[in-house]
Each structure stands twice: as C-alpha cells, then as structure tokens.
Amino acid sequence: MLDAIVVGGGPAGSAAAAVLAGAGCRVLVADRARFPRSKPCGDYLNPGCAGVLDRIGILGEIERTALPVPGWRIVAPDGAAATTAFSAGTGFAVPRRTLDHILLARAAAMGAAVIEAARVTALDRGPGWVRVTIERGVGPGGYEHLSARLVIGADGLRSAIARMIGAGALPRDGRFTVGAYLEGLDGTGAPGERPPGEIHFARDRFCGIAYLPGGLANVTIALPAGALRTWRGDLEAGYWTALRAFPGLAGRLARARSVGRLRASGPVGYRRRQAVGDGVLLAGDAAAAINPMTGQGMFLALRGGELAARAALRTLDQGGPTRRALAAYDRERRREFGDAFLVSRILDDLAFRPGAINRAVRAMAGRPALGTRFIDAVGGVSRAAAVMHPGLLAALLGIA
Ligand SMILES: Cc1cc2nc3c(=O)[nH]c(=O)nc-3n(C[C@H](O)[C@H](O)[C@H](O)COP(=O)(O)OP(=O)(O)OC[C@H]3O[C@@H](n4cnc5c(N)ncnc54)[C@H](O)[C@@H]3O)c2cc1C
C-alpha cells in the first residue's frame, strides 16, 4: 500500500508530493490532465511563493524561467494611478502551462510516481486506508483501484474529493473571468524597465495584467455574470470593448492582438471548506478559494500543499490519519491563512466601491510608502494582518 495518493498535480498537489517524496514516503500523484496543460490564471506568483519554491528546490529554475514582478501599478476607475514596489523580494510572472509542468516534474524528480490522464472518480475509506478509483482512458477496463494510508485532495476549485467527503459546495456567486495572452500591448514604463503587474478597476469589474517572457502579457478581466451575458456569446468583441473602457488601457491597445484563444472561467469567489475528513486532507483551491484579484491563490496552494504534506507526515508517523489526528492541519491553516482570507474578503467588497478605490489610489500615489505597506501585506512580504491596521486603512481610504 502507498503512503499517500495526491489527487491533482497542480501547484498544491505537486508541492505536497514533493515534500512527501522528499521525506521518503511512497507517494503517487494522479491528474486527469496530460502535462503540460493550461489553466485559467493571471500567471502571477506573489513574493510569498519564493519561500516554498526554494524549500522544494525550484526557486532557481523559476527565477530563470519567469519575469520578475517588482510591484504593482494600480489604476482607479477615475484614471488615477499609483505605482508601488515591494519592500523586499519579488513576485514572478510565468505561464501556468510552464510553471505547473516544472512543479510536477520536481515532484517526480523527488521520487513521487506520477500518472497523467488519470481521473479519480470514487473514494472508499476504512480504518487506516483509503482507496481511490482512477479512470484511465475510455472504454471498459479503463479504470483501476489504488490504496494508500491517506489521500490529499488537491484537485482544484471543483474538487471531486471535497465533494466525496462532504466538505462543502462551490462558490455560487463571484465574478466570471475572461483572459487572453496579448502581444503588442503598449506599456507604461521605459523600454528595458522591469514592468510591474497592473490592476485596473472599473465600477463593477477589474483587469489584471502580468508581463510574461517572450513579449506576451496575460490580460484577464473579471466581471459580473450579468455583464458577461451582455456580450451575447461574442467573447472576442466583448473582451476588446471591455478592455478599451478601462481608463488606463484605452490608449495602449492600438497594436495589441491576442495570441491563442480567449479563456473564460468562473464563478470565482470566496469559498472555504472543511479541509479534513477521515484519511483525507484538502489543499489548494480544493480547501479554500479566494477572489483572484489579490493574487494570493498560488501562495495558498503552494504553502497549503506544503502544510498538508507536513500534517500527513506527522499523522503517518503517529500511527494513523484519523479525522481527529488530522484536525491540527485545519487549525494550522486557519492560523496561517486566516488573515489572508479576511483581507481578501474586505478587498473584494471595497474593490467595487469606485469612490473608495479612487481615494485609495490617490493616497498611494501621494505616499508611496503607504502603497508599499499595502502590497507587502497582500503579497506575502509581511503578514496580511498588517493591512488591517486602522491607521493604514484610514490613510488608504483618504480619511486620515
Ligand atoms: C481566472 C483566474 C485567475 C487567477 N489568477 C491568479 C494569479 O494571477 N495569481 C494567483 O496567485 N492566483 C490566481 N488564481 C488562483 C489560482 O489559479 C489557484 O488558486 C491555483 O490554481 C490553485 O492551485 P491548485 O493546485 O489548488 O488547483 P489547480 O491549479 O486547479 O490544479 C488542480 C489539478 O487537479 C486536477 N484534477 C481535477 N479534478 C481531478 C480528478 N477528479 N482527478 C484527478 N485530477 C483532477 C486538474 O487537472 C488540475 O491539474 C486565479 C484563478 C482564476 C480562476
């Protein structure tokens, strides 16, 4: 019997598998996709991710592959803009197709067995064991059963494992996203300058931009379902019209064109689930998803995968992964991520109050140190709680 089966080879699953394999566990990762595979994402890793990437041994490779993101340019609905820099470290921008492949290859190099095109469709549990049914290919006989002492469900937002253990439902509300890789987007900085990421706000939507290697930019809009419906099925036309309506983008699109297809997804919103069941741990989006606006999802996935693996190692050593033994993992997640969830929910609410965003951006433009404190807290450079300081909030909202 295996020690652990990790369902999903995205960032959470690969990080978990790399840690488990590195500790000498017999671990297998099953993913329904074949890698390299794409995933709707803004392709941004916040500076907080560097620690996990370093501990699993791929920070150097990411530094060579990605573009650094030294900070953020935030553009308000009224066109006011503030460019802010992290006080330490850097974020990264790298297509998920590349990043996730590197992460999964790392898990394999550490000794994890990896099976692709392998969809987990059922879970049976007994004392000290968990058995998964894996569908491979099509047709009769295209499935197999594998058993392990525990399972880590890292199978993303629509997690089948979360559903199977009754951990809670998907977000019902939230915005829908439409993103594309653009070339020819005119920038705001001098040539050769390391461009910051950009986030542009409008009344009911926002647009995130990450500059990628090869002259491409990931440009993703998040908007309410009702607004998306008015595009009447013509995603391409709706996307370009929506881009032109952001005051900070209108004049920069003359040469821009999309490379590849537009990618739509959603709804994306806040959802936290119970992260443990008997013999099962959830990690990454399967355990909790937040609005992509704050760019924290990848950190929560990588760090969450690492925490899940460490919790798994503890319980395997101590004789068995019962729900009680695994409960410490849920507490640890709350301790480590609670602030980030709270900040994300507050920002989610503030983001669609144009007056507040206009004032906050002006305040950051006038006081760059304020902007740095803010993006440090959201980007994992400092504790997320740092942004909850009443003085900082008052200054940001232009009332102090
Ligand atoms: C539009 C959008 C933009 C975003 N932008 C950012 C950003 O710029 N920065 C950021 O930090 N976060 C961003 N996020 C959030 C981020 O993408 C997620 O938090 C992150 O992908 C979570 O990683 P994960 O490993 O938990 O799940 P995933 O990356 O979703 O990986 C899950 C894996 O599980 C596999 N799987 C699913 N079901 C099964 C099954 N039944 N059997 C086997 N395998 C299965 C899938 O094939 C997949 O490979 C964004 C999210 C969205 C939707």
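Using alpha carbon coordinates only, what is the Rg to Rh ratio of the chain, with Rh defined as the Kirkwood radius? Spell out each step's value before the answer.
Working: Rg = 21.1 Å, Rh = 21.6 Å.
Expressed as Rg/Rh, it is 0.98.
Which number do you get for Rg(Cα) / (2.2 N^0.38 Å) in segment 110-157?
On the way: Rg = 11.7 Å, N = 48, 2.2 N^0.38 = 9.6 Å.
Compared with the compact-globule rule of thumb, segment 110-157 sits at 1.22.
May I ask you to order 202-208, 78-84 by the average number of other C-beta atoms within 10 Å around their residues, highest value first? Before the final figure, lay out the partial values.
Numbers: 202-208: 20.4, 78-84: 18.4.
Most protected by this proxy first, the peptides run 202-208, 78-84.
Given R₀ = 30 Å, what would the calculated FRET efficiency be for Arg331 paired with Arg158, taking r from the Cβ atoms and rounding to 0.05?
On the way: r = 26 Å, r/R0 = 0.86.
It comes out at approximately 0.70.
Relative contact order for the chain: what is it in percent, counting Cα pairs under 8 Å that are at least 6 residues apart? Could you put the intermediate results ahead of the total?
Numbers: 893 pairs, mean separation 91.5, N = 400.
Worked out over the chain, it gives 23 percent.
Given the Cα-Cα distance of Asp317 and Thr121 and 0.36 nm per residue of separation, how much length would full extension add, in nm? Working shown, then result.
Details: separation 196, 0.36 × 196 = 70.56 nm, distance 2.84 nm.
Separation in residues times 0.36 nm, less the Cα-Cα distance, equals 67.7 nm.
Which value in nm describes the separation of the simple spin-label points at Leu392 and Ser87, placed 7 Å from the Cα toward the beta carbon?
Between Leu392 and Ser87, the label points sit 0.8 nm apart.
Given the whole protein assembly as supplied and a 1.4 Å probe, what does the accessible area of His101 come to in Å², nearest 10?
80
Once the dipole of the chain is set up with Lys and Arg at +1 and Asp and Glu at -1 on Cβ about the Cα centre, which of Gly128, Gly233, Leu185 lies farthest towards its positive end?
The listed residue farthest towards the positive side: Gly233.
Take every Cα-Cα distance within segment 148-306, group them into 5 Å bins from 0 onward, and report for each bin the whole-number percent of pairs it holds.
In whole percents, the pair-distance histogram is 2, 8, 17, 17, 16, 13, 11, 8, 5, 2, 1, 0.
How much of the calculated P(r) for segment 290-372 lies past 15 Å, in percent of all Cα pairs?
On the way: 2333 of 3403 pairs.
Here the tail beyond 15 Å accounts for 69 percent of pairs.
So what is the relative contact order for segment 175-267, in percent, with contacts set as C-alpha pairs under 8 Å and at least six apart?
On the way: 153 pairs, mean separation 42.4, N = 93.
Reported relative contact order: 46 percent.
Expressed as a whole number of Å, what is the distance separating the alpha-carbon centroids of segment 321-375 and segment 215-232?
First find each Cα centre; the distance between them is then 23 Å.
Tell me the Kirkwood radius of segment 183-234: reciprocal of the mean inverse pair distance over distinct alpha-carbon atoms, in Å. If you can, show how the numbers build up before the last one.
Details: mean 1/r = 0.0782 Å⁻¹.
One over the average 1/r among Cα pairs gives 12.8 Å for segment 183-234.
Ignoring ligands, DNA and RNA, what percent of the accessible area of the chain is carbon or sulfur (1.4 Å)?
Working: 8690 of 16680 Å².
Result for the chain: 52 percent of the exposed heavy-atom area is carbon or sulfur.
Work out, in µm²/s and without decimals, the Stokes-Einstein translational diffusion coefficient of segment 175-267 at 25 °C, 0.890 mPa s, Rh from Kirkwood over C-alpha pairs.
Values: Rh = 13.5 Å.
It diffuses with D of about 182 µm²/s by this estimate.
Mind checking the alpha-carbon convex hull of segment 245-400 and giving the volume per residue in Å³? Working shown, then result.
Numbers: hull volume 23.8 nm³, N = 156.
Cα-based convex hull of segment 245-400, divided per residue, equals 153 Å³.
Starting from the Cα coordinates of segment 348-396, work out the convex hull volume and express it per residue in Å³.
71
Where does each of 161-167, 116-122, 3-9 land if you order them by average Cβ count within 10 Å, highest first?
Values: 161-167: 20.4, 116-122: 16.7, 3-9: 28.9.
Ranked by mean Cβ neighbours within 10 Å, highest first: 3-9, 161-167, 116-122.
Could you work out the relative contact order of segment 348-396, using alpha carbon pairs under 8 angstrom and six or more residues apart, expressed as a whole percent?
It comes to 33 percent, rounded to a whole number.
So, for the chain, what is the accessible surface per residue at a probe of 1.4 Å, expressed in square angstrom? All intermediate terms of the calculation are to be shown ahead of the outcome.
Values: 16680 Å² over 400 residues.
Each residue of the chain exposes 42 Å² on average to a 1.4 Å probe.
Can you give the FRET efficiency to the nearest 0.05 for Asp349 and Arg194, using r as the Cβ-Cβ distance and R₀ = 22 Å? Walk me through the numbers on the way to the answer.
Values: r = 32 Å, r/R0 = 1.44.
E between Asp349 and Arg194, to the nearest 0.05, is 0.10.
Given segment 1-123, report the % of alpha carbon pairs whose separation exceeds 20 Å. Provide the component values of the computation, followed by the final result.
Numbers: 3690 of 7503 pairs.
I get 49 percent for the Cα pairs in segment 1-123 exceeding 20 Å.
The values are calculated or read from the model by the stated rules, or taken from the named source; none is laboratory data. The structure presented is a predicted model; accordingly, all values stated were derived computationally and were not measured. With ideal geometry, Cβ positions are generated from the backbone for all residues, glycine too; neighbour counts draw on all protein chains shown. When the accessible area is computed, the model is the full protein with side chains, heavy atoms only, and any ligands, DNA or RNA have been set aside. Shrake-Rupley method; radii C 1.70, N 1.55, O 1.52, S 1.80 Å.
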